[in-house]
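The values are calculated or read from the model by the stated rules, or taken from the named source; none is laboratory data. Because the structure is a prediction, the values reported are computed rather than measured. Cβ: placed from backbone, ideal geometry, glycine included. Neighbour counts: every protein chain shown.
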């Protein structure tokens, strides 16, 4: 792989914590609480719209709703409550990954990573508190989208900025950072989801806002341990991009389409999979220590919990393979990950088919989340690490934003796919999603040969 040029600003020894710079702990905690806020709100959003806000008698008071519905219906035709809710969910979850391109450019050229993260965190905190007011649903989502654009690409690139070029700890650092992401995602449905389902939607959204404020405070207090802004390092380096820099950009561009398809299928977890858990799953549980029904939002905690359980196993597997010179390439890992997503949705095909018109056991969902988690670990953190390794230093935030924009396109496609949920048989719907993930796996696999020289170590 080509790598960013060596950087003298990070060659000075930094205080270590468990073998890593202390700044990693700051970024870990900041991202954990930011993801707590994001996934806390997301665990409630589709249920909030389909079961409460977009029903007749309330939806008329939502600012901008009539205009948005008119625009979407001019493209997709008449939309009922569930298809419209899925479209709104898809727009939100896609646009939060489009604005990071702009946020990355602003950080690289003018604001710097630190200032951009603080602006983004403040905007997102405001957006979550706005969600507590029913009429402000769409303005709140817009503020969250803008805040995420400033926050997301710049906190991710700062992890790589803690390490000099070629430091083998960088991959492990992103695995640790990814655990922070999923720790927040695990806690979010249990806290925000429970508050929203039991005590009222607005309590859940407010809890998400509190989590975002905690992220901002941690980031500001931990500022001295963070790396210098990237744009400050390269402002005096006006040289044109080298040949290997263009090779790296081409490699990221070729991987963009299949990664987009990956996110289109992955994002069904908070959309149609949540609807399946709510209406088509037998959530009753009868254990010695607990008898009752599992809240729908708690299923959103399965995936992040399994990240904790599976990450050490996956990292150990790769280390074992590396010692024997058999570790898969970056592209192969991503192809295997997409194939895992296809297998996960085949589980739901079997679950929906075997249940007939009745409700499927929640154990099927447990198996689904176990398989999709393994697939995710082979794609998402590997991609983040890849960008910081091969991106030209002066463009690292912008290219991180470009990479995250695959989530934008994927989530938008995912929202469109979700609009067919009510009209299709559930086995056929999940079979369609599985086929899309399989197509992504095949495309990445076919790219392995042409990308090998571009990503050569």
**Report entry** Where residue 412 falls short, out of the listed (1) more than 25 Å from residue 353 (Cα to Cα); (2) modelled with pLDDT of 90 or more
**Finding:** (2)
Query - Residues within region 434-452 that are surrounded by 19 or more Cβ atoms within 10 Å (Cβ to Cβ) and out of contact with any helix residue (DSSP H, G or I) (no Cβ under 6 Å at 6 or more places or on another chain), tallied - result: 0
**Report entry** Failed condition for residue 421, given (1) in contact (Cβ under 8 Å) with a residue 24 or more places away in the chain; (2) over 30 Å from residue 283 (Cα atoms); (3) touching a helix residue (DSSP H, G or I) at 6+ places or on another chain (Cβ under 7 Å)
**Finding:** (2)
**Report entry** Hits in region 197-213 - residues which are surrounded by 17 or more Cβ atoms within 10 Å (Cβ to Cβ) and farther than 15 Å from residue 137 by Cα
**Finding:** 197, 207, 210, 211, 212, 213
Report task. Mind listing whichever residues of region 319-334 are touching a residue at least 12 places away in the same chain (Cβ under 8 Å) and more than 11 Å from residue 376 (Cα to Cα)? Result -> 329, 330, 331, 332
Requested in this report: Scan the helices (runs of 4 or more DSSP H) fully inside region 307-394 and keep the ones with 3 or more residues being farther than 25 Å from residue 157 by Cβ.
Outcome: 330-355, 362-377
Report task. For residue 127, state whether it is buried (at least 21 other Cβ atoms within 10 Å of the Cβ), in contact (Cβ under 8 Å) with a residue 12 or more places away in the chain and farther than 23 Å from residue 196 by Cα. Result -> no
Query raised in the report: Only one of (1) modelled with pLDDT of 95 or more; (2) out of contact with any helix residue (DSSP H, G or I) (no Cβ under 6 Å at 6 or more places or on another chain); (3) buried (at least 19 other Cβ atoms within 10 Å of the Cβ) is not met by residue 141, so which one is it?
Result: (2)
Query raised in the report: Can you find a residue in region 164-171 that is in contact (Cβ under 8 Å) with a residue 60 or more places away in the chain, within 26 Å of residue 107 (Cβ to Cβ), part of a helix (DSSP H, G or I) and out of contact with any strand residue (DSSP E or B) (no Cβ under 7 Å at 6 or more places or on another chain)?
Result: yes
Query raised in the report: How do the helices (runs of 4 or more DSSP H) wholly within region 1-102 filter down when requiring 2 or more residues that are at pLDDT 90 or above, over 22 Å from the mean Cα position of the chain (by Cα) and surrounded by fewer than 14 Cβ atoms within 10 Å (Cβ to Cβ): which remain?
Result: 65-76
Query raised in the report: residue 275: closer than 22 Å to residue 338 by Cα, surrounded by fewer than 24 Cβ atoms within 10 Å (Cβ to Cβ) and in contact with a helix residue (DSSP H, G or I) (Cβ under 8 Å, 6 or more places away or on another chain), yes or no?
Result: no
Query raised in the report: Among the residues of region 419-433 satisfying the criterion of being under 20 Å from residue 93 (Cβ atoms) and modelled with pLDDT of 90 or more, which is surrounded by the most Cβ atoms within 10 Å (Cβ to Cβ)?
Result: 430
Report summary line: Of the residues in region 345-373 that are within 13 Å of residue 306 (Cβ to Cβ) and without any contact (Cβ under 8 Å) to a residue 40 or more places away in the chain, the one that is surrounded by the most Cβ atoms within 10 Å (Cβ to Cβ) is 371
Query raised in the report: Does at least one position in region 374-394 carry a residue that is closer than 25 Å to residue 280 by Cβ, in contact with a helix residue (DSSP H, G or I) (Cβ under 6 Å, 6 or more places away or on another chain) and crowded, with 23+ Cβ neighbours inside 10 Å?
Result: yes
Query raised in the report: Can you tell me which of 285, 307, 314 is in contact with a strand residue (DSSP E or B) (Cβ under 9 Å, 6 or more places away or on another chain) and either surrounded by 16 or more Cβ atoms within 10 Å (Cβ to Cβ) or touching a residue at least 40 places away in the same chain (Cβ under 8 Å) (or both)?
Result: 285
